[in-house]
Amino acid sequence: PAVTGYDVLNEPTPGAASADIFETIIATFAALTGQDPMAVAADFTDPQEKLAQLAHLDDPALHRRLGDELAPMLTSFEGESVHRFYTRVVARIREADPEGLILREHDYFGNLGIPVPLPALDDHAWVYSPHGYDLVVDTEAMPLASDRRVTTIFERAAETAERLGVPVVVGEWGAFSGHEGIARHAEVQLELFDRRAWSWFYWCW
């Protein structure tokens, strides 16, 4: 009786294909910023150079264009593999619980601000449950997180929710740990969630 709903699969990721997707992300990012892909890839292995590269995505137009160019890579994975999985699992859940919420996450790459081509679930009580973090998450650079980048990431999630016509319960955000100087970054996201009347779960390990 205390169960609110079911979050079935955390950040679905297309297995071995992920390496190719990451390579395409780097190549597309390099092309949009007029850089050599090998140099960009090397920069992303250096904490300071990575910050300089990520600064390009403080431009929402560039961030959005990057996402738009990459989204077609995920259509088959989201629309076929993951959707079939959810369809089967939801049918079994409904045998035991006809009313609990189904929280439909997007794939891992949706966390980066890539639009998510997931189809609607054939169910009466499901919600879209995006995750989102600025791209310095899980690093010592977290206090330097960009409000602009994380806003773009959640605005893309809002577009997905509007296309699907379903409510949103943000499944993960935050991960601020014990870092100092991160309060304003948190407030920006809380204000965004409040404006859209989104529920949310803060991620804390």
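So the values come out like this:
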{"read-out": "Single unsatisfied condition, G79 versus (1) more than 15 Å from the chain's Cα centre (by Cα); (2) not in a helix (DSSP H, G or I)", "value": "(2)"}
{"read-out": "Scan of segment 90-99 for residues that are open to solvent by 40 Å² or more (accessible area, probe 1.4 Å) and among the hydrophobic types (A, V, I, L, M, F, W, C), ordered by number", "value": "A91, A96"}
{"read-out": "Segment 122-148 - residue that is in contact with an Asp or Glu (Cβ under 9 Å, 6 or more places away or on another chain) and within 30 Å of G100 (Cα to Cα) and, of those, most open to solvent (accessible area, probe 1.4 Å)", "value": "H124"}
{"read-out": "Selection from segment 52-88 of residues that are open to solvent by less than 30 Å² (accessible area, probe 1.4 Å), closer than 22 Å to L164 by Cβ and hydrophobic (A, V, I, L, M, F, W, C)", "value": "L70, A71, L74, V82"}
{"read-out": "Filter pass, T151 being surrounded by fewer than 21 Cβ atoms within 10 Å (Cβ to Cβ) and not in a loop (DSSP other than H, G, I, E, B)", "value": "yes"}
{"read-out": "From the options H56, H63, residue that is farther than 30 Å from A125 by Cβ, touching a residue at least 60 places away in the same chain (Cβ under 8 Å) and not aliphatic (A, V, I, L, M)", "value": "H63"}
{"read-out": "Search result, residues across segment 161-205 that are touching a residue at least 40 places away in the same chain (Cβ under 8 Å) and in a loop (DSSP other than H, G, I, E, B)", "value": "G165, V166, P167, G171, W173, A175, I182"}
{"read-out": "Residue in segment 159-200 that is nearest to A145 (Cα to Cα), counting only those that are surrounded by 16 or more Cβ atoms within 10 Å (Cβ to Cβ) and among the polar types (S, T, N, Q)", "value": "Q189"}
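Rundown of residues vs (1) of a type outside the set (V, I, T); (2) under 27 Å from G100 (Cα atoms); (3) open to solvent by less than 50 Å² (accessible area, probe 1.4 Å); (4) part of a loop (DSSP other than H, G, I, E, B), yes/no style:
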{"site": "V3", "(1), (2), (3), (4)": "no, yes, no, yes"}
{"site": "Y6", "(1), (2), (3), (4)": "yes, yes, no, no"}
{"site": "L9", "(1), (2), (3), (4)": "yes, yes, no, yes"}
{"site": "P12", "(1), (2), (3), (4)": "yes, yes, yes, yes"}
{"site": "F22", "(1), (2), (3), (4)": "yes, no, no, no"}
{"site": "I25", "(1), (2), (3), (4)": "no, no, yes, no"}
{"site": "L32", "(1), (2), (3), (4)": "yes, no, yes, no"}
{"site": "A41", "(1), (2), (3), (4)": "yes, no, yes, no"}
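The values are calculated or read from the model by the stated rules, or taken from the named source; none is laboratory data. Note that the structure is predicted; figures quoted are calculated from it, not measured. For neighbour counting, all protein chains shown are included, and Cβ atoms are generated from backbone atoms with ideal geometry for every residue, glycine included. For accessibility, only protein heavy atoms count, side chains too; no ligands or nucleic acids. Shrake-Rupley method; radii C 1.70, N 1.55, O 1.52, S 1.80 Å.
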